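The values are calculated or read from the model by the stated rules, or taken from the named source; none is laboratory data. Note that this is a predicted model, so its numbers are computed, not measured. Here the Cβ positions follow ideal geometry from the backbone for every residue, glycine too, while neighbour counts run over all protein chains shown. Accessible surface areas use protein heavy atoms only, side chains included; no ligands, DNA or RNA. Shrake-Rupley method; radii C 1.70, N 1.55, O 1.52, S 1.80 Å.
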Amino acid sequence: MEAISPAIGPKLLLSPPPKNKNLSHRISPSPLRLLRPFNTPRCVISENKSASIDFSDHDWKPKFQKDFEARFNLPHITDVYPGATPFPSTFCLRSRSPVSEDFADGYPSDEKWHGYINNNDRVLLKVIHYSSATSAGAECIDPDCTWVEQWVHRAGPREEIYFKPEDVKAAIVTCGGLCPGLNDIVITLEIYGVKRIVGIPFGYRGFSDSELSEMPLSRKVVQNIHLSGGSLLGVSRGGPNVSEIVDNMEARGINMLFVLGGNGTHAGANAIHNECRKRRLRVAIVGVPKTIDNDILLMDKTFGFDTAVEEAQRAINSAYIEAHSAYHGIGMVKLMGRSSGFIAMHASLASGQIDICMIPEVPFHLHGPHGVLRHLKYLLETKGSAVVCVAEGAGQNFLEKTNAKDASGNIVLGDIGVHIQQETKKYFKEIGVPADVKYIDPTYMIRACRANASDGILCAVLGQNAVHGAFAGYSGVTVGICNTHYVYLPIPEVISFPRVVDPNSRMWHRCLTSTGQPDFI
């Protein structure tokens, strides 16, 4: 098999899912739910969608809901082992007695603990009933924006579990780039009664490199790691092929794997899950969304994002001071965001100091009567200074394309920040207007710091719910926050493409109101 990458496994096809419940882990994202690119009409109906739904059929709505329920059905251990026997949960906060030797008896308690989640509990995925396809941010299934309920599974501890803690060897792996807040899975595993917990060093690479030994983990080891940035285990991109990873898991006796990372990492986790199912292994693979880019579908946000936005304020404030203190000063800040401009948008809105914000989702011109440079000239004439924020993936059409890719399979981007800096200096020199341009690139600084309080809480709850999901017998799923509630989602539904900023969303409109910038086209 090919090495782990965002393109791992077969490409996700836009076809209806199989109706067999036991094949739910193979469900591909349906064409019925696609986010709207910036250059398509507001009503979210593609040609594929129109071909898939017959709106003249009076039963199209219940059929859509049935299809949605099938796609979001969570892969479970009973799909492979129909006769798998559940056990009473060993997780109960009513009684804090030590775990008995017979884990299947659970914690002793005089009365029923009402802290468990029912398997039929659901969370509403969409909460706004758009009355028109022209409403800001509208996501419509049909031309009339019919309200269609879409429910996803609620996360949390179940009353019955499918793994005996004494038989569990749990492994944790962190992949991709750094991100604040990598902790809390270990403590929850210990509360269940798991004694064998290990960390796989340096991402998926740790499954194949004989020089990298697994790291024993316990509450004592991890209790203070949240006070520092980065990962105790280390991170890396790429790694061995899927078959080799599963071979290694079998050899080590790992039957729970928690994978922390972004879209590419989750694609790898899904491939590992499918390989384990192919071999009929009783293994739970659960993802935890870790990316400062906030670009994973269906989730309110991923952990690390709030900290990155907060840390970006330091760079923006420095750029503002430099620009404000200089004659015709221009401060430029480049922030992370390969395909999604969430960090740049939120950092610009939060700072209140940005005059121009450029993101990958919104095209712009640098030159010409409506270009960025002409607006900068206007700002210098009217304000005396200007502050610019640009996401790293913005304006790539101005740069020479390259076929180079990193270890995760991502195309290596050109440096748009340096390009705009150089073009700005050149422009003002040509028109004979003095301009003092200061460029700041805090790229890695905003992700290498300690998680703030918001991310710390989010990371802790996601980690706890990942453990609950694994013990409940789910695999090939990830945990996320949706409309302020914590949910489980099948991994294929969140990795089909990156989540992006909707240029017609209220948040982007708010950013434009804050900056006062015009359309640069």
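Within 15 Å, Cβ to Cβ, of GLN422, how many net charges do the neighbouring residues add up to if Lys/Arg are +1 and Asp/Glu are -1? Mind dumping the intermediate values first?
On the way: positive: LYS334, LYS425, LYS426, LYS429, LYS438; negative: GLU400, ASP415, GLU423, GLU430, ASP436, ASP441.
That sum, taken over residues with Cβ under 15 Å, equals -1.
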>> If each residue of separation counts as 0.36 nm, what is the full-extension length gain between ALA350 and ASP519 once their alpha-carbon separation is subtracted?
In response: 58.8 nm
> Order of 368-378, 385-395 by packing, highest average Cβ count within 10 Å first?
Replying inline: 385-395, 368-378
> What is the Cα centroid distance between the range 279-317 and the range 372-388, reported in whole angstrom?
Replying inline: 35
>> Could you give each residue of the range 483-494 its phi-based ³J(HN,Hα) in whole Hz, using Karplus coefficients 6.51, -1.76, 1.60 with θ = phi - 60°, and x for Gly or Pro?
In response: 6, 6, 10, 8, 9, 9, 10, x, 4, x, 6, 10
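Could you look at the range 259-363 and say what percent of its accessible area is carbon and sulfur, using a 1.4 Å probe and all protein chains? Mind showing how you got there, number by number?
Working: 1410 of 2910 Å².
After summing per-atom areas, the C and S share lands at 49 percent.
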> Can you tell me the Rg and the Dmax, both Å, for the Cα atoms in the range 313-418?
Replying inline: 14.4, 46
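Would you mind checking the pairs LYS377/LYS401; LYS220/LYS334; LYS126/LYS405; LYS383/LYS426; LYS112/LYS195; LYS290/LYS401 and listing those with alpha carbons more than 31 angstrom apart? Walk me through the intermediate numbers first.
Working: LYS377/LYS401 29 Å; LYS220/LYS334 39 Å; LYS126/LYS405 36 Å; LYS383/LYS426 21 Å; LYS112/LYS195 26 Å; LYS290/LYS401 28 Å.
With Cα atoms farther than 31 Å apart: LYS220/LYS334; LYS126/LYS405.
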> Using a basic spin-label model with each label point 7 Å from the Cα along Cα→Cβ, how many nm lie between TRP113 and HIS370?
Replying inline: 6.1
> Over the Cα atoms of the range 369-427, Rg to Rh with Kirkwood Rh, two decimal places?
Replying inline: 1.09
>> Give me the 1.4 Å probe accessible area per residue for the range 431-521, excluding ligands and nucleic acids, in Å².
In response: 37
>> So if I restrict to the alpha-carbon atoms in the range 198-311, what is the Rg, and what is Dmax, the biggest pairwise distance, in Å?
In response: 14.9, 45
>> What distance in nm separates the two pseudo spin-label positions at THR134 and ASP300, each 7 Å out from Cα along the beta-carbon direction?
In response: 3.2
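So for the range 340-379, what are the equivalent ellipsoid semi-axes in whole Å, largest first, each being the square root of 5 times an eigenvalue of the Cα gyration tensor?
Taking √(5λ) for each Cα gyration eigenvalue gives 20, 14, 4 Å.
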> How many percent of all Cα-Cα pairs in the range 359-490 sit more than 19 Å apart?
Replying inline: 67
> Which stretch or stretches of the range 48-91 have amide N atoms under 16 Å from the point lying 7 Å from GLU160's Cα along the Cα→Cβ direction?
Replying inline: 76-91
> Efficiency by 1/(1 + (r/R0)^6): what FRET value for ASP436 and TYR81, r their Cβ-Cβ distance, R0 = 45 Å, to the nearest 0.05?
Replying inline: 0.10
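Determine, from the Cβ-Cβ distance of GLN65 and MET507 and an R0 of 25 Å, the FRET efficiency 1/(1 + (r/R0)^6), rounded to the nearest 0.05. Could the numbers behind the result be given before it?
Numbers: r = 28 Å, r/R0 = 1.13.
Computed FRET efficiency for GLN65 and MET507: 0.35.
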>> Let me understand the range 464-521 better: what is its radius of gyration from the alpha carbons, and its Dmax, in angstrom?
In response: 17.6, 53
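Per residue, how much accessible area does the range 214-303 show when a 1.4 Å probe rolls over the protein heavy atoms, in square angstrom? Write out the running numbers ahead of the final one.
Details: 3030 Å² over 90 residues.
For the range 214-303, the per-residue accessible area is 34 Å².
For LYS425 and ASP406 in one chain, what is 0.36 nm times their gap in residues minus the Cα-Cα distance, to one decimal in nm? Let's see the in-between values first.
Numbers: separation 19, 0.36 × 19 = 6.84 nm, distance 3.09 nm.
Contour length minus Cα-Cα distance gives 3.8 nm.
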